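These notes are about the structure you will find just below.
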């Protein structure tokens with residue numbers, strides 16, 4: 001596998017891999033987003049699901065519903081102390097069959113005690129990215145919708161995969177909203 005450069009990312013974005021696409025890095029006065037040297041800094045949409053710890057006795061990924069969250073829409077969101085929110089990317093991604101991604105949270109947030117978790121985008125996965133963002137501090141933490149949240153690194157395989165996410169009919173394929181954990185039955 002090899003890491004893909006900014007020129008490859010721009011070329012693929014023109015083919016609809018990332019929409020809306022920000023071809024240049026935007027950083028002045030905001031948490032940076034757009035194309036970087038070997039990746040793409042995706043942005044947060046302005047919608048969030050804040051976890052309500054009083055709604056559950058035990059956190060169980062097999063038993064999560066919207067009742068466990070408070071929905072918030074707006075330019076920013078406060079994460080309660082020692083809690084987390086679910087959010088989604090502004091960008092819709094369409095990953096080619098010979099590409100896989102890994103994603104890392106922005107260092108600006110990490111240095112503030114805010115940890116971003118995003119799972120890899122498998123070959124032929126598409127959708128808005130559901131992002132889990134944890135506040136490790138004992139104080140409320142602020143997120144900014146419309147600004148950078150994480151960097152996506154694109155890895156090109158030496159050969160096309162045998163079975164893609166689309167082939168498996170993955171449970172998170174083509175998600176349009178913040179999507180809670182799903183267990184196939």
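Bear in mind that the values in this text are calculations on the coordinates, not laboratory data. Just so we're clear, the structure is a prediction, and the values are computed from it rather than from any experiment. Cβ atoms come from the backbone with ideal geometry, glycine included; neighbour counts cover every protein chain shown.
Here are some notes:
- Using just its DSSP H runs of length 4 or more, each adding -39500 (n - 2.57), the chain gives a mean residue ellipticity at 222 nm of -1500 deg cm²/dmol after division by all residues.
- Available extension along the chain between residue 73 and residue 115 is 13.1 nm, counting 0.36 nm per residue and deducting the alpha carbon span.
- FRET efficiency, 1/(1 + (r/R0)^6) with R0 41 Å, evaluated for residue 65 and residue 11 via beta carbons: 0.50
- Exposure proxy for 88, 97, 111: other Cβ atoms within 10 Å of each Cβ, ordered fewest to most, give 111, 97, 88.
- Taking other C-beta atoms within 10 Å as the exposure proxy, 54, 101, 130, 119 rank 54, 119, 130, 101 from fewest upward.
- FRET efficiency estimate (nearest 0.05) - Cβ-Cβ, residue 55 to residue 102, R0 41 angstrom: 0.80
- Cβ-based exposure ranking for 98, 41, 60, in which fewest neighbours within 10 Å come first: 60, 98, 41
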